[in-house]
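*Asks:* Mind looking over this structure? Questions follow.
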Amino acid sequence: MIITWMLLLSLLGQTETKAVKPTKPDPSLEFFASKKVLSISIEIEPKEIQALKMADRTYVPCTIKVEGGQTYTKVGIHLKGAAGSYRALEDRPALSLNFDKFVDGQKFYGLDKLHLNNSVQDGSYLNELICRELSRNSGLPTGRATHAMVKLNNRDLGLYVLLEGLDRTFLKRNFGSPDGNLYDGGFCQDIDQPKKLLCGKKGQKDEQAPLKTLVVACKEPDPAKRLLLLEALVDIDAFWTFIALEQITSHWDGYNRNRNNYRIYFDPSKGNKAIFIVAGMDQMFGDPNFDLRGMSCILANA
């Protein structure tokens, strides 16, 4: 069965959803290509520490010092992580950094946003790097990954996995247009549940409209009509590449098996067709009895 999925991945993987060629030098290319592990020092003022303890998902300003002398001020920072990976600030927290949250146009090697994952569920610290590279080589738009050594207020936190943020900068680089709707899949929620709109037309009359239309198409009782509807709403080749990737990497906590760790972008350059984007690939290859035939999500079963 795994050979079937690998064959499907190789056949469908030649999708056109590859990074758009930049019109000017992109410093992020050199950053992620580097073999050097960067050292990052984060400094948070006491009052901002207290603010994070009160509301750990709300951005507060911090100072970032990078090995080699580069310093970034007023960088937005907050804690991240879900049931398995969340750690308190006093422990070894996973962190989100937003460089232009408080300073317009401030970037880190061409990036607005990045994440520092503590990798508490992946002792190898390699799952994200390997699986994201597989995803990118399959032609899927994918946030890049590398490593960093992290200090927080002079406390050595050790090795972290550094991930590219999925924001307008990412969308522009991978799709050309950042103006479509990008949704967070939510925690163990399928496409029929309300989603947080991360980028796109916020404030519109019904932010969930593209998702509702997709769910209606999935429930069309006539198979022929259902296929026509879905072909108009979803990049089918990219979706099955996405599913094949989840299956061959035993991604039990992804969209197909757990309705988790995914984003959906409605790409304006493709008639607002839905593209699924991988996220949270830290628990891969762990189950030798992973059911390669199992299909648990709404769209795959449609």
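The values are calculated or read from the model by the stated rules, or taken from the named source; none is laboratory data. Since the structure is predicted, the reported quantities are computational estimates derived from the model, not experimental observations. Note: ideal-geometry Cβ built from the backbone for every residue, glycine included; neighbour counts use all protein chains shown.
*Asks:* Does A300 satisfy the criteria of being outside any helix (DSSP H, G or I) and either surrounded by fewer than 23 Cβ atoms within 10 Å (Cβ to Cβ) or within 18 Å of the chain's Cα centre (by Cα) (or both)?
*Replies:* Working: outside any helix (DSSP H, G or I): no; either surrounded by fewer than 23 Cβ atoms within 10 Å (Cβ to Cβ) or within 18 Å of the chain's Cα centre (by Cα) (or both): yes.
Answer is no for this residue.
*Asks:* Quick one: would you say Q189 is free of Cβ contacts under 8 Å to residues at least 24 places away in the same chain and either out of contact with any helix residue (DSSP H, G or I) (no Cβ under 8 Å at 6 or more places or on another chain) or among the hydrophobic types (A, V, I, L, M, F, W, C) (or both)?
*Replies:* So Q189 fails the test.
*Asks:* Is at least one residue of the stretch 151-165 crowded, with 21+ Cβ neighbours inside 10 Å and of a type in the set (S, T, Y)?
*Replies:* Looking through the stretch 151-165, at least one residue is crowded, with 21+ Cβ neighbours inside 10 Å and of a type in the set (S, T, Y).
*Asks:* Could I ask something else about it? For residues that are more than 14 Å from the chain's Cα centre (by Cα) and surrounded by fewer than 22 Cβ atoms within 10 Å (Cβ to Cβ), scanning just the stretch 176-187, find the one that is farthest from G139 (Cα to Cα).
*Replies:* Ranking the candidates gives D179 first.
*Asks:* OK, next. Among the candidates S250, S296, which residue alone is at pLDDT below 95, farther than 27 Å from H147 by Cα and out of contact with any His (no Cβ under 6 Å at 6 or more places or on another chain)?
*Replies:* That would be S296, the only listed residue that is at pLDDT below 95, farther than 27 Å from H147 by Cα and out of contact with any His (no Cβ under 6 Å at 6 or more places or on another chain).
*Asks:* Taking the stretch 155-178, which residues are over 22 Å from Y125 (Cβ atoms) and either assigned to a helix (DSSP H, G or I) or free of Cβ contacts under 8 Å to residues at least 40 places away in the same chain (or both)?
*Replies:* In the first step, residues of the stretch 155-178 are kept if they are over 22 Å from Y125 (Cβ atoms); the result is 167-178.
Selection gives R168, T169, F170, L171, K172, R173, N174, F175, P178.
*Asks:* How many residues are in contact (Cβ under 8 Å) with a residue 24 or more places away in the chain and either buried (at least 17 other Cβ atoms within 10 Å of the Cβ) or of a type in the set (A, V, I, L, M, F, W, C) (or both) if we restrict to the stretch 44-54?
*Replies:* 3
*Asks:* Scan the stretch 46-99 residue by residue and report those that are in a helix (DSSP H, G or I), aliphatic (A, V, I, L, M) and either closer than 18 Å to N154 by Cβ or not assigned by TED's automatic domain parsing to the domain that holds G158 (or both).
*Replies:* I49, L52
*Asks:* Still on this model: Taking the condition surrounded by 15 or more Cβ atoms within 10 Å (Cβ to Cβ), outside the structural domain of C62 (by TED's automatic domain parsing) and more than 20 Å from K35 (Cα to Cα), does L211 pass? Steps first, please.
*Replies:* On the way: surrounded by 15 or more Cβ atoms within 10 Å (Cβ to Cβ): yes; outside the structural domain of C62 (by TED's automatic domain parsing): yes; more than 20 Å from K35 (Cα to Cα): yes.
Here the answer is yes, as L211 does meet what is asked.
*Asks:* Would you pick out the residues in the stretch 217-231 that are part of a helix (DSSP H, G or I) and surrounded by fewer than 15 Cβ atoms within 10 Å (Cβ to Cβ)?
*Replies:* Residues satisfying the conditions are P223, A224, K225, L227, L228, E231.
*Asks:* Those residues that are without any contact (Cβ under 8 Å) to a residue 12 or more places away in the chain, small (G, A, S) and in a loop (DSSP other than H, G, I, E, B), I need them from the stretch 194-216; list them, please.
*Replies:* Within the stretch 194-216, just G203 meets the criteria.
Residue-by-condition table, conditions (1) over 27 Å from F242 (Cβ atoms); (2) surrounded by fewer than 18 Cβ atoms within 10 Å (Cβ to Cβ):
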residue: D56; (1), (2): yes, yes
residue: Q70; (1), (2): yes, yes
residue: N98; (1), (2): no, no
residue: F108; (1), (2): yes, no
residue: I130; (1), (2): no, yes
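*Asks:* Could you pull out the residue among Y86, Y109, Y59 that is of a type in the set (F, W, Y) and under 21 Å from Q283 (Cβ atoms)?
*Replies:* Just one listed residue meets the conditions, Y86.
*Asks:* In contact (Cβ under 8 Å) with a residue 60 or more places away in the chain and outside any helix (DSSP H, G or I): which single residue out of D282, D291, D237, D253 fits that description?
*Replies:* D282
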